[in-house]
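Remarks on the structure that follows.
Where a number appears in this text, it was derived from the coordinates with a stated rule and is not lab data. Because the structure is predicted, anything quoted here is derived from the model rather than measured. Cβ coordinates were reconstructed from backbone atoms using ideal geometry, including for glycine residues, and neighbour counts include every protein chain displayed.
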Amino acid sequence: MDYVYGPGRNHLFVPGPVNIPEPVIRAMNRNNEDYRSPAVPALTKTLLEDVKKIFKTTSGTPFLIPTTGTGAWESALTNTLSPGDRIISFLIGQFSLLWIDQQQRLNFNVDVVESDWGQGANLDILAEKLASDNSHSIKAICIVHNETATGVTNNLATVRKLLDDYRHPALLLVDGVSSICALDFRMDEWGVDVALTGSQKALSLPTGMGIVCASPKALEASKTAKSVRVFFDWNDYLKFYKMGTYWPYTPSIQLLYGLRAALDLIFEEGLENVIRRHSRLGTATRLAVEAWGLKNCTQKEEWYSDTVTAVMVPGYVDSSEIVRRAWKRFNLSLGLGLNKVAGKVFRIGHLGNVNELQLLGCLSGVEMVLRDVGYPVKLGSGVAAAAAYLLNNTPLIPSRI
Ligand SMILES: Cc1ncc(COP(=O)(O)O)c(C=O)c1O
């Protein structure tokens with residue numbers, strides 16, 4: 001379908017791709033450049049240094065790959081593992097399902113640990129598997145930090161603790177697509193070996209850049225990993241890093257300038273403030289859901305996600321209709337329920353460059369649509385609950401203090 005005009009702004013509240021802030025749009029509005037000129041390597045050098053900060057790593061090596069989150073997955077797997085390697089992977093929603101599918105198609109021996117959609121990764125089962133794996137047949141643990149389909153955040157510190165408790169050498173590969181740069185993420189502290197994200201999520205850039213960060217142990221593993229890899233081979237990047245030219249193939253110049261601007265905004269606000277802002281938006285959204293009398297798909301508080309909330313609707317309502325009407329009547333884009341929870345949940349994305357009043361606008365739109373589909377919500381109830389919380393908890397904007 002062609003782009004369909006609607007007056008005013010589109011209220012983009014899907015959990016990625018998210019709104020791109022004006023300074024980033026302006027930074028990307030430029031001509032192509034010769035990436036072999038001295039300017040692009042100089043820019044790239046600063047990006048590689050600065051991007052490590054959002055992973056909270058000093059020892060990791062980042063790769064800025066022209067791809068999406070799916071390609072970043074493939075890069076993490078093929079550079080560190082060999083076909084037939086046993087890996088443990090947690091199935092808790094649509095994105096972990098897709099990653100598992102990729103792992104199986106790449107011929108790894110995937111030991112799938114499944115939970116109900118709405119629950120986090122079953123770490124008791126992980127503990128059992130690690131405890132009984134005396135021969136260290138498990139080569140990697142693959143886990144989605146924040147399952148975007150159900151709004152579930154897994155506890156990575158516990159995963160690291162279990163690996164340490166059992167002195168298990170398995171690599172820890174983490175999908176941080178809807179967490180890094182929005183939720184608390186600590187690559188070095190949690191001993192994450194490969195962490196990855198996509199540009200269209202918390203970084204608030206266009207889609208098209210996969211950002212992968214490898215620990216020294218992961219780089220070491222890449223020297224013996226036998227999976228076939230060409231486009232995603234870290235070694236090609238490392239050769240060009242050494243030469244100081246950085247690019248084995250043509251980068252998107254516009255995305256590089258966009259990333260520079262996006263990182264500058266994040267550092268100006270302060271990464272910890274960015275994380276706190278997401279925590280506020282997540283709490284406010286959950287208060288609204290409660291006020292509407294609806295349930296969060298996420299079954300326990302410990303797994304609540306501060307980047308996306310999956311809202312369950314009563315059986316007589318089709319959640320896809322909520323998403324359709326929100327877009328048609330109010331120019332509001334909400335996330336659909338995916339796969340097992342299709343028709344049962346709709347998702348509110350609250351990640352990236354978004355603020356409190358924007359969220360209240362979204363919540364107000366959701367209320368009207370809920371009424372429109374026959375759910376007897378009191379107009380203003382969720383907005384009031386969220387606003388009361390935000391009024392008491394929103395600090396001054398850091399750059400305006
Ligand atoms: C947690 C998670 N992982 C991976 C992906 C796949 O990313 P992409 O669509 O950029 O390939 C997504 C997409 O939404 C996601 O939310």
Check: Once every DSSP H run of n ≥ 4 in the chain is given -39500 (n - 2.57) and the sum is divided by its residues, what mean residue ellipticity at 222 nm do you get, rounded to the nearest 500 deg cm²/dmol?
Finding: -13000 deg cm²/dmol
Next item on the list: Only bridges with both residues in the chain count here: give the DSSP antiparallel percent, nearest 5.
Entry: 50 percent
Item checked: Dipole of segment 325-381, positive end: most advanced residue of G380, V341, M368 [Cβ charges, Cα centre] -> V341
Next item on the list: Would you mind computing, in nm to one decimal, how far apart the modelled labels at S381 and M243 are, each placed 7 Å from Cα along Cα→Cβ?
Entry: 6.4 nm
Margin query: Residues of segment 16-34 with backbone nitrogen within less than 15 Å of a virtual label 7 Å along the Cα-to-Cβ line of T250, please, listed as ranges.
Written below: 31-34
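Using the structure shown, select from K53/K129; K56/K223; K161/K226 the pairs with a Cα to Cα distance greater than 26 angstrom.
Too far apart for the 26 Å limit: K53/K129; K161/K226.
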Next item on the list: Diagonalise the Cα gyration tensor of the chain and give the resulting equivalent ellipsoid semi-axes, square root of 5 times each eigenvalue, largest first, whole Å.
Entry: 34, 27, 18
Notebook entry, point to check: For segment 227-304, rounded, prolate or oblate, judged on the Cα gyration tensor with a ≥ b ≥ c (square roots of eigenvalues), a/c < 1.5 rounded, else prolate if a/b > b/c?
Noted result: prolate
Next item on the list: Calculate, in nm to one decimal, what R105 and K223 gain on full extension: separation in residues at 0.36 nm each, minus their alpha carbon distance.
Entry: 40.3 nm
Check: Taking one equal scatterer on every alpha-carbon of segment 262-401, how large is log10 of I(q)/I(0) by Debye at q = 0.09 1/Å?
Finding: -0.27
Next item on the list: Could you let me know the centre-to-centre spacing of segment 92-121 and segment 13-46, using Cα atoms, in angstrom?
Entry: 33 Å
Next item on the list: Using a 10 angstrom cutoff on alpha carbons, build the Gaussian network for the chain and name the most mobile of V274, V308, V113.
Entry: V113
